[in-house]
Amino acid sequence: MPITVNKLRHDTHHFFYKKIGAIFFISIFATFMNILIDMFIKPDMHIVSIMENNKFINASSLLEFIQNMNLNEKHELLKYSILKIMESLISKTTLLGSIIILISVVSEPKKKSIVSSIRTFFLFFPSLFILNFLTTFIIQIGFMLLIIPGILLSIILSLSPIILFFKKNRLLDSIRLSMYISWKYIKIIGPGVLFWMCGKFILTMLLAHFSLINKNVLFLISNISMNILFSILIIYLFRFYMIFLRS
């Protein structure tokens with residue numbers, strides 16, 4: 001079966017509208033999990049205000065800021081940064097794992113029970129979390145070097161969570177195969193990943209202009225929207241891999 005962008009777009013559109021309720025619920029659940037974890041993080045408010053106001057965007061200012069900190073403030077900054085990274089990874093892994101399980105359940109001829117699906121999710125979660133940590137770390141290094149390597153790494157590593165689901169806990173094999181397959185089909189996978197990145201950028205720009213809306217409400221809308229957008233990308237990539245396996 002030939003793999004084309006138009007076919008994948010049509011299949012993604014069909015699946016999204018067929019399961020829009022479940023996808024919306026998962027997106028809200030991942031957002032509230034993010035908020036719940038955030039409630040348990042108690043960082044130094046001085047450091048949070050500086051980070052959230054983006055006063056130290058460029059590297060030289062940030063380094064200067066850290067150098068002027070005392071030991072306790074550096075410890076608080078490190079703790080806050082680690083907790084925020086963990087929060088983001090847990091939220092992303094929950095969303096990613098849930099969408100992958102949802103697609104696999106719908107795609108199988110024999111329907112699974114809810115209990116069986118939940119069990120599969122919890123078995124899949126630890127290895128998916130580790131994979132997310134590794135791929136996020138690699139991609140961030142790419143973005144730190146230059147924008148283009150970061151985008152390219154985002155594309156060639158995008159299939160790794162889906163391959164992991166089929167490969168069952170073979171992390172390095174998933175990364176290796178994702179790089180090989182994604183590079184080979186970059187003209188098909190690339191548009192999906194770039195659409196997701198552009199969508200994130202546009203949403204961020206649009207929501208930044210809604211200054212009259214309450215900050216917490218804006219955070220909720222932003223996270224749910226981003227989660228839905230990411231879900232669309234996962235559907236696109238999952239459908240690609242299913243067709244790839246049959247071809």
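The values are calculated or read from the model by the stated rules, or taken from the named source; none is laboratory data. All figures in this text were calculated on a predicted structure; none of them were measured in a lab. Here the Cβ positions follow ideal geometry from the backbone for every residue, glycine too, while neighbour counts run over all protein chains shown. What goes into the accessible areas is simple: the full protein's heavy atoms, side chains included, and nothing from ligands, DNA or RNA. Shrake-Rupley method; radii C 1.70, N 1.55, O 1.52, S 1.80 Å.
So which residues in the stretch 172-219 are touching a residue at least 40 places away in the same chain (Cβ under 8 Å) and small (G, A, S), if there are any at all?
S174, G192 - these are the residues of the stretch 172-219 that are touching a residue at least 40 places away in the same chain (Cβ under 8 Å) and small (G, A, S).
All but one of (1) more than 16 Å from R9 (Cα to Cα); (2) open to solvent by 40 Å² or more (accessible area, probe 1.4 Å); (3) free of Cβ contacts under 8 Å to residues at least 40 places away in the same chain hold for S222; state the number of the condition that does not hold.
(2)
Mind listing whichever residues of the stretch 206-246 are hydroxyl-bearing (S, T, Y) and in a loop (DSSP other than H, G, I, E, B)? Walk me through it before giving the result.
Taking the stretch 206-246 first, the residues hydroxyl-bearing (S, T, Y) are 211, 222, 225, 231, 236, 241.
Result: S211, single match.
May I ask you to verify whether L96 is surrounded by 20 or more Cβ atoms within 10 Å (Cβ to Cβ), under 20 Å from F15 (Cα atoms) and either out of contact with any His (no Cβ under 9 Å at 6 or more places or on another chain) or modelled with pLDDT of 90 or more (or both)?
Here the answer is yes, as L96 does meet what is asked.
Inside the stretch 139-187, counting only helices (runs of 4 or more DSSP H) that do not spill past its ends, which hold 1 or more residues that are within 18 Å of R246 (Cα to Cα) and open to solvent by 100 Å² or more (accessible area, probe 1.4 Å)?
Details: elements: 147-156, 160-167, 171-184.
Passing ranges, in order: 171-184.
Determine which single condition F133 fails, assuming it passes every other condition in (1) in contact with a Ser or Thr (Cβ under 7 Å, 6 or more places away or on another chain); (2) within 29 Å of G150 (Cα to Cα); (3) open to solvent by 20 Å² or more (accessible area, probe 1.4 Å).
Looking at each condition in turn, F133 falls short on (1).
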